[in-house]
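*Asks:* Below is the structure I would like to discuss, written out as structure tokens.
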Amino acid sequence: MASSNAPSRAERIAILNDNARWAFDRTVRHVVTPACVAALAPDDTQLQRVWARARLLMALRQARFSGDTPERDRAEFTIDGHRLRFRIDYYDPTLRFGSEDPADAACTVRVITIMLCGED
């Protein structure tokens with residue numbers, strides 16, 4: 001008989017998503033839109049881009065989730081007055097197709113896209 005303490009599918013996905021956001025998953029890919037970079041690094045210097053990326057990764061780690069995101073796969077946050085959002089998409093290991101099972105880390109690569117609100 002299965003244990004009633006076993007995590008649900010949504011909980012397993014949420015744990016894997018947390019690992020991706022907290023940089024515990026070495027397969028995760030990050031995509032930051034050009035508009036997001038331009039907003040956070042307006043002078044487009046290498047130092048500004050590095051600083052912007054560091055702040056984005058910190059915001060990912062500190063994201064707060066509402067009850068309508070049980071898989072913790074999207075959230076919004078603010079940096080320097082800019083409203084940003086991220087979402088996590090699930091791909092097969094080749095990054096060509098969607099993952100067959102986002103709850104299975106062995107067959108899923110997570111892609112975290114960070115953008116300005118309204119860009120999607």
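*Asks:* If a residue must be closer than 16 Å to Leu16 by Cβ and buried (at least 19 other Cβ atoms within 10 Å of the Cβ), how many such residues does the range 76-97 contain?
*Replies:* 3
*Asks:* If you go through the range 30-41 one residue at a time, how many are surrounded by 14 or more Cβ atoms within 10 Å (Cβ to Cβ) and closer than 16 Å to Tyr90 by Cα?
*Replies:* Qualifying residue count, the range 30-41: 1.
*Asks:* Output yes when any residue across the range 20-41 is among the acidic types (Asp, Glu) and farther than 30 Å from Asp104 by Cβ, and no when none is.
*Replies:* No, the conditions are met nowhere in the range 20-41.
*Asks:* Select, from Ser8, Ser3, the only residue that is surrounded by fewer than 18 Cβ atoms within 10 Å (Cβ to Cβ) and at pLDDT below 90.
*Replies:* It is Ser3.
*Asks:* Give me the residue from the range 98-120 that is of a type in the set (A, V, I, L, M) and out of contact with any helix residue (DSSP H, G or I) (no Cβ under 7 Å at 6 or more places or on another chain) and, out of that set, surrounded by the fewest Cβ atoms within 10 Å (Cβ to Cβ).
*Replies:* Top of the filtered list is Ala106.
The values are calculated or read from the model by the stated rules, or taken from the named source; none is laboratory data. Only a predicted model underlies this, so the values are computations on that prediction, with no experimental measurement involved. Cβ sites come from the backbone with ideal geometry, for glycine too, and all protein chains shown count toward neighbours.
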